[in-house]
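Structure record follows, encoded as structure tokens.
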There are 2 protein chains.
Amino acid sequence: MNNITLSYGSGGSLTHKLVVELFASAFKNEYLDKLDDSAIFRLKGAEYAYTTDSFVVDPIFFPGGDIGKLAVCGAINDLASCGAQPMYLTTGFILEEGLSFDILKRVVFSMAREARKQNVSIVAGDTKVVPKGKVDKIFINTSGIGIVKKRVGLSLIRPGDKIIINGNIGMHGLSILLSREGFSYKSTLESDCNSLWGIVKSLLNSNVEVHFMRDPTRGGVSAVVNEISIGSGCSISLFEDNIPIKPSARHLSEILGLEPLDIANEGKMLFFIGARDAAKALGILKKTPLGRDAAMIGEVTSEAGSKVYLHTLVGGRKILGFPVTEPIPRIC
Amino acid sequence: MNNITLSYGSGGSLTHKLVVELFASAFKNEYLDKLDDSAIFRLKGAEYAYTTDSFVVDPIFFPGGDIGKLAVCGAINDLASCGAQPMYLTTGFILEEGLSFDILKRVVFSMAREARKQNVSIVAGDTKVVPKGKVDKIFINTSGIGIVKKRVGLSLIRPGDKIIINGNIGMHGLSILLSREGFSYKSTLESDCNSLWGIVKSLLNSNVEVHFMRDPTRGGVSAVVNEISIGSGCSISLFEDNIPIKPSARHLSEILGLEPLDIANEGKMLFFIGARDAAKALGILKKTPLGRDAAMIGEVTSEAGSKVYLHTLVGGRKILGFPVTEPIPRIC
């Protein structure tokens, strides 16, 4: 590989390769080596989660959200998936010369609104302005710190664990695609962009056996379950007919020839729950506003080879791989 | 103001206005309100500093450093200036499609080298790739967390405090300018890009009365002392003939019509020291490799109006304002 292609940022197999072969090897340390959504460190007797994400979504306003809301939700969800209560965020703006001040204001107020709603403080920031044409409108980085309330991790995953998702898949990626210029297909699809600490907290507080959580963003469910299967050394079975998806999203994916499991979500979490507690966990999620359509979509198995199998609607079974290319670039 | 101009990112008066009128008002909270280089928060009985910075420097390799080293040093220096020992960093990459893998590798290894040298861990990261032409090569965000070893702050600044800088000014901004395409002036000037926790630590460990520290990056010494004078409610006198600058830097500034005090540094710290301890502090700094050319360049006065005065070489006195425009865009 001589040049960076879009697929290196897709969340799929090339991203995984880049992270493992370059970043993790150059920066090598016990925190990064875990390749979780946040690093976990211990200081003065307490455990913290620490994460970062850059946002380059195009367009910056889309049905259900905007780059500002996305940047706050993204940081919060990366902390939540590590069992951490989000506390403090930072934000770095890179602005294109000539950007309208009104657009910046809308984005900033959207960030402020989401942060306030989630009871987190944006405590530090930075702004760079680059000449026109050197960046596309506005890019935002957020980093976040949270306090770990319950330690979860790949090493806790066991064969038999049930996999629950809190609702319909594919909505974020598809709504971004629909709002791209020149795309004339009409749909009521909206991004699921939302902060998930609330539903994570309700599960943790109920003492169900949560082993692992991960939000299936870039690369969708496919990328995340493949990473988890490799990281945990277990195989995973997903049951296609249990996977919640709106008919409009399924229909649009079919037209576009996209696999819904490869499409990014921004308000979904995959929960790996001890078998005994799975029904209880599903019941708790279904009572929350962001978990009404929750469903049990798969399970961890002891099958050798760390593979992900998709049990299809027609009764077949196929291997679900990492999405290799980038079906929809710049979705976050 | 209807559109963002380069000057909003200059570190000068328009940046100050944007931060105060938009960001600080939208995100309003006790941490951000202080407008320090890092936010300080207390968790479980310990005090932490938390900072973020994005780097868009052009070119990405320059004499004395590169965007990767700069990104690590920048985060470390923002923490150090708050009296905090840097512990953990995160990094977010935004890459342009088509970037050569070798360039990315050089940048990443440069970051890794500087982090290791400074004994900090890069614990989490994120990579986005955007289509060709939507970003200029590579932008990097770093955030950082440190443990506060000594609390310093604007409120500790007193009339009589001496202002010390650890060496020659203007080297970073000028070396960036010289390495821009089409610039044929020959010079041996190199960026001063360096991590400053080492010299900060040697001062803090010696128990001299350090009241405040700030690294004069964007907007140079001018922007920083003006912010400090407003923030502390004190006036500041700088003595032009005490300000260390290499003849080559002075000469180049004159040719270009630039005020050296407005030019960015990336390896300098301004120390505000209780008068009694100033000579001792200067002596300690001069014994460190990054403080050999340290000098006492000014003092805090009780003069009304929170103004910065420059006592010139020829015996005059003039007000030194915020740099208004951006003399050299994309220097960090």
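Here the translational diffusion coefficient of the stretch B:36-148 follows from Stokes-Einstein with Rh set to the Kirkwood radius across Cα pairs; for 37 °C and 0.692 mPa s it amounts to 227 µm²/s.
Look at the stretch A:145-157: the mean tally of other chain Cβ atoms within 10 Å of its residues' Cβ atoms is 1. Inter-chain neighbour count for B:96-103: the average number of beta-carbon atoms from partner chains within 10 Å of each residue's beta-carbon is 4.
For an R0 of 41 angstrom, estimate the FRET efficiency from the Cβ-Cβ distance between A:Ser302 and B:Glu30 and round to the nearest 0.05. E between A:Ser302 and B:Glu30, to the nearest 0.05, is 0.20.
Distant-in-sequence amide contacts of A:Val129, defined by a placed amide H-H separation under 5 Å and a gap of 5 or more residues or a different chain, comprise A:Leu95, B:Gly9. Simple point charges give the picture: +1 on the Cβ of Lys and Arg, -1 on the Cβ of Asp and Glu, and for the stretch B:154-319 a dipole about the Cα centre of about 300 debye. GNM on chain B, alpha-carbon springs under 10 angstrom: the most fluctuating residue among B:Thr188, B:Thr312, B:Thr91 is B:Thr188. Taking the centroid of alpha carbons for each part, the stretch A:44-121 and the stretch B:30-53 are 18 Å apart. Peptides B:68-76, B:102-110, A:127-135 ranked from most to least packed, by the mean per-residue count of other Cβ atoms within 10 Å: B:68-76, A:127-135, B:102-110. Taking every alpha-carbon pair under 8 Å whose residues sit at least 6 apart, chain A reaches a relative contact order of 24 percent. For the protein assembly as shown, the dipole from Cβ point charges (+1 on Lys and Arg, -1 on Asp and Glu) about the Cα centre works out to 1180 debye, to the nearest 20. Percent of accessible area on chain A owned by carbon and sulfur, 1.4 Å probe? Looking at chain A in its full context, I get 50 percent from C and S.
So for chain A, considering every pair of alpha-carbon atoms, how many percent are separated by more than 23 Å?
Percent of Cα pairs beyond 23 Å in chain A: 58.
Taken as Cα centroids, the stretch A:182-254 and the stretch B:242-287 sit 54 Å apart, rounded to the nearest whole angstrom.
With viscosity 1.567 mPa s and temperature 4 °C, the Kirkwood radius over alpha carbon pairs of the protein assembly as shown converts through Stokes-Einstein to a diffusion coefficient of 50 µm²/s.
Charge dipole of the stretch A:36-148 (Cα centre as origin; +1 on each Lys and Arg Cβ, -1 on each Asp and Glu Cβ, all else neutral): 360 debye, rounded to the nearest 20. Under a Gaussian network description of chain B, with springs only between Cα atoms under 10 Å, the residue in B:Gly220, B:Gly83, B:Gly160 that fluctuates furthest is B:Gly160. Close amide-amide hydrogen proximity is noted between B:Arg214 and B:Leu270, each under 5 Å apart and 5 or more residues distant or on a separate chain (H modeled in the peptide plane; Pro and chain starts excluded). A Gaussian network model of chain B, with springs between Cα atoms under 10 Å, assigns the largest mean-square fluctuation among B:Arg218, B:Arg292, B:Arg180 to B:Arg180. B:Lys69: which lysines have alpha carbons under 17 Å from its alpha carbon, excluding same-chain residues fewer than 8 sequence positions away? Hits, sequence-local ones excluded: A:Lys28, B:Lys105, B:Lys117, B:Lys137, B:Lys268. Taking every Cα-Cα distance in the stretch B:286-332 and sorting them into 5 Å bins starting at zero, the pair-distance distribution P(r) comes out as 5, 13, 14, 16, 17, 22, 12, 1 percent.
Accessible surface ranking for B:Tyr309, A:Tyr48, A:Tyr185, A:Tyr31, 1.4 angstrom probe, highest first: A:Tyr185, A:Tyr31, B:Tyr309, A:Tyr48. Remark: the stretch B:257-266, residue by residue, has Karplus-estimated 3J(HN,Hα) of x, 9, 8, x, 5, 8, 8, 5, 10, 10 Hz, where x stands for each Gly or Pro and the curve is 6.51 cos²θ - 1.76 cosθ + 1.60 at θ = phi - 60°.
Accessible area per residue for the stretch B:36-148, computed on protein heavy atoms with a 1.4 Å probe, is 26 Å².
For the stretch A:178-332, the solvent-accessible area of protein heavy atoms averages 42 Å² per residue (probe radius 1.4 Å; ligands and nucleic acids excluded). Each copy carries a label point for B:Ala304 at 7 Å from Cα along the beta-carbon vector; from one copy to the others these points are 8.7 nm apart, nearest first. Residues whose amide H falls under 5 Å from that of A:Tyr309, counting only those 5 or more places apart or on a different chain, are A:Ile236, A:Ser237, A:Leu238, A:Leu320, with hydrogens built in the peptide plane.
Pairwise alpha-carbon distances in the stretch B:101-239 exceed 17 Å for 74% of all pairs.
Taking each DSSP H run with n ≥ 4 as -39500 (n - 2.57) and averaging over every residue of chain A yields -8000 deg cm²/dmol at 222 nm. In summary, the lysines within cross-link reach of A:Lys149, defined as a Cα separation below 17 angstrom excluding same-chain residues under 8 places away, comprise A:Lys44, A:Lys201, B:Lys44. Label-point distances for B:Asp241 to the equivalent site in the other copies, using a point 7 angstrom along Cα→C-beta, read 9.2 nm when ranked shortest first.
If you take the accessible area of A alone, add that of B alone, and subtract the area of the pair, what total do you get in Å², probe 1.4 Å, to the nearest 100?
6700
Each peptide in A:190-197, A:224-231 was scored by the mean count of other Cβ atoms within 10 Å over its residues; highest first, the order is A:190-197, A:224-231. Restricting the calculation to Cα atoms, the stretch A:229-281 yields a radius of gyration followed by a Dmax of 14.0, 40 Å. Label-to-label distances for B:Ser155 across copies, nearest first, come out at 4.3 nm, using points 7 Å from Cα in the beta-carbon direction.
Considering the dipole of the stretch B:154-319 built from charges on the beta carbon (Lys and Arg +1, Asp and Glu -1) around the Cα centre, which of B:Val225, B:Leu282, B:Leu258 is farthest to its positive end? Going by the charge dipole, the pick is B:Leu282.
The values are calculated or read from the model by the stated rules, or taken from the named source; none is laboratory data. It should be emphasised that the depicted structure is a prediction, and the values quoted were computed from it without experimental measurement. Cβ sites come from the backbone with ideal geometry, for glycine too, and all protein chains shown count toward neighbours. Protein only, heavy atoms only, side chains kept; ligands, DNA and RNA dropped before computing areas. Shrake-Rupley method; radii C 1.70, N 1.55, O 1.52, S 1.80 Å.
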